[in-house]
């Protein structure tokens with residue numbers, strides 16, 4: 001198979017399994033949400049970015065470089081929209097327990113946060129399909145590539161051993177397939 005055929009096959013594979021659908025199903029697996037939130041709160045990881053890397057790995061792909069513009073756009077989106085919604089929602093948690101109006105507001109913020117994350121994942125999927133595959137920033141995994149947890153650990157702003165364990169949890173929760181390992 002030549003590189004044009006491979007690129008077409010990879011694009012079709014990614015389009016047939018949308019990142020948003022993968023993220024919802026994967027996040028619902030036992031241990032995934034807790035690991036993602038730990039990495040977000042303690043290591044400064046972006047959950048959408050983690051889920052994107054897991055989605056790529058589930059397709060036997062990895063991101064290798066040339067991602068700056070796409071990840072900068074994602075990080076701006078998250079900083080300007082998603083994180084402020086999350087912070088406001090979290091700030092209302094205690095008050096929402098005793099005040100139904102605050103609970104309703106908190107639920108609205110939670111829905112808005114989820115919509116913002118969905119758009120972040122769509123941005124990543126579009127970039128994967130339109131730009132990154134063709135530019136070689138995403139490529140098929142090789143036998144010599146380190147495990148997913150190690151690749152993600154190297155990208156964390158804050159790196160501690162228990163963060164690696166959380167990443168290994170994510171890796172273990174991926175569907176077992178030769179392409180994903």
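Just so it is clear, none of the values below were taken in a lab; they were calculated from the coordinates. Computed from a predicted model, the values in this text were never measured in an experiment. When we count neighbours, we look across all protein chains shown, and the Cβ atoms used for this are built from the backbone with ideal geometry, even at glycine.
Classify region 101-181 from the C-alpha gyration tensor, please: rounded if a/c falls under 1.5, else prolate or oblate depending on whether a/b exceeds b/c. Note, shape of region 101-181 comes out oblate.
Extension gain for residue 95-residue 144 works out to 12.5 nm (0.36 nm per residue, less the C-alpha to C-alpha distance).
Compared with the dominant Cα axis of the chain, that is its longest principal axis, helix 161-173 is turned about 70°. The fewest-to-most ranking of 83, 111 by surrounding Cβ atoms within 10 Å reads 111, 83.
Rounded to the nearest 10 degrees, the inclination of helix 3-16 to the longest alpha-carbon principal axis of the chain is 30 degrees. To the nearest 10 degrees, how steeply does helix 68-77 sit against the main Cα axis of the chain, on a 0 to 90 scale? With both axes taken from Cα atoms, the answer is about 20 degrees. Label positions at residue 64 and residue 159, each projected 7 Å from the Cα along the C-beta direction, are separated by 2.0 nm.
Rg and Dmax over the alpha-carbon atoms of the chain stand at 17.2, 62 Å.
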